[in-house]
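See structure below.
None of the figures in this text is laboratory data; all of them are computed from the coordinates on show. Bear in mind the structure is a predicted one, so any value in this text is a computation, not a measurement. Glycine also receives a Cβ, built like all others from the backbone with ideal geometry; neighbour counts cover every protein chain displayed.
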Amino acid sequence: MRLNYFHVDLNKTVDELDSTVKEAAGSSHVTKIFLRLGEYVTLPKATLLSELHKRFPTASIEVQETFGKVHCLCGYIGKPVITRDSDVICLVCPKCKKKYPHVVEGDEIELSEIEVE
């Protein structure tokens, strides 16, 4: 399961992850959850882990943080300049200086694997 956002609703995200994990596990006990978390997601990693631990208290949770990449109309593909204003992320093309190039990687929360017993 892959969710794409900059601004993440914590409850909705955790509900979707919870539902997907339970559906995949069936009646088995979940022992480990593997997530990929993009660098442009504004939801703090510690908050996400805390909420998932409440739902799966005996499971270990591993998070792989992924780097972001953008594709700008000027042709640039790669790492943008990142500015932050409180919880707002602004991405800027380093070549032409335009704001908000198209994000091709780094805006995802992805459930990549679960282990069950």
Go through the range 64-107 residue by residue and tally those that are touching a Lys or Arg at 6+ places or on another chain (Cβ under 8 Å) and touching a residue at least 40 places away in the same chain (Cβ under 8 Å).
6
When only residues in the range 33-55 that are of a type in the set (G, A, S) and within 28 Å of V104 (Cβ to Cβ) count, which is farthest from the chain's Cα centre (by Cα)?
A46
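Any idea which residue in the range 49-65 is nearest to K22 (Cα to Cα), counting only those that are among the acidic types (D, E) and out of contact with any Phe, Trp or Tyr (no Cβ under 9 Å at 6 or more places or on another chain)? Lay out the reasoning, then the answer.
Of all residues in the range 49-65, those among the acidic types (D, E) come to 51, 62, 65.
Imposing the further condition that a residue be out of contact with any Phe, Trp or Tyr (no Cβ under 9 Å at 6 or more places or on another chain) reduces the set to 51, 65.
Details: E51: 15, E65: 23 Å.
Applying the filter and picking the extreme gives E51.
What is the residue count in the range 95-114 for residues that are farther than 14 Å from D18 by Cα, in contact with a Phe, Trp or Tyr (Cβ under 9 Å, 6 or more places away or on another chain) and in a strand (DSSP E or B)? Write out each step before concluding.
Filtering the range 95-114 for residues farther than 14 Å from D18 by Cα gives 95-108.
The next check asks that each one be in contact with a Phe, Trp or Tyr (Cβ under 9 Å, 6 or more places away or on another chain); those that pass are 95-96, 101, 103, 105-108.
From what is left, the residues that are in a strand (DSSP E or B) are 103, 105, 108.
The number of residues fulfilling the criteria is 3.
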Count, please, the residues in the range 67-110 that happen to be under 30 Å from S28 (Cα atoms) and surrounded by fewer than 18 Cβ atoms within 10 Å (Cβ to Cβ).
1
Return the residues of the range 18-27 that are closer than 13 Å to E110 by Cα and in contact (Cβ under 8 Å) with a residue 40 or more places away in the chain; say none if nothing qualifies.
T20, V21
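Yes or no, residue by residue, for (1) among the acidic types (D, E); (2) more than 18 Å from N11 (Cα to Cα); (3) touching a Gly at 6+ places or on another chain (Cβ under 6 Å):
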site: K22; (1), (2), (3): no, no, no
site: T31; (1), (2), (3): no, yes, no
site: E51; (1), (2), (3): yes, no, no
site: S60; (1), (2), (3): no, yes, no
site: C72; (1), (2), (3): no, yes, no
site: I82; (1), (2), (3): no, yes, no
site: K97; (1), (2), (3): no, yes, no
site: P101; (1), (2), (3): no, yes, no
site: I109; (1), (2), (3): no, no, no
Would you point out the residue of the range 12-32, among those that are among the hydrophobic types (A, V, I, L, M, F, W, C) and under 14 Å from the mean Cα position of the chain (by Cα), that is nearest to V116 (Cα to Cα)?
L17
Among the residues of the range 28-41, is there at least one that is among the small types (G, A, S), in contact (Cβ under 8 Å) with a residue 60 or more places away in the chain, loosely packed, with under 15 Cβ neighbours inside 10 Å and part of a loop (DSSP other than H, G, I, E, B)?
yes
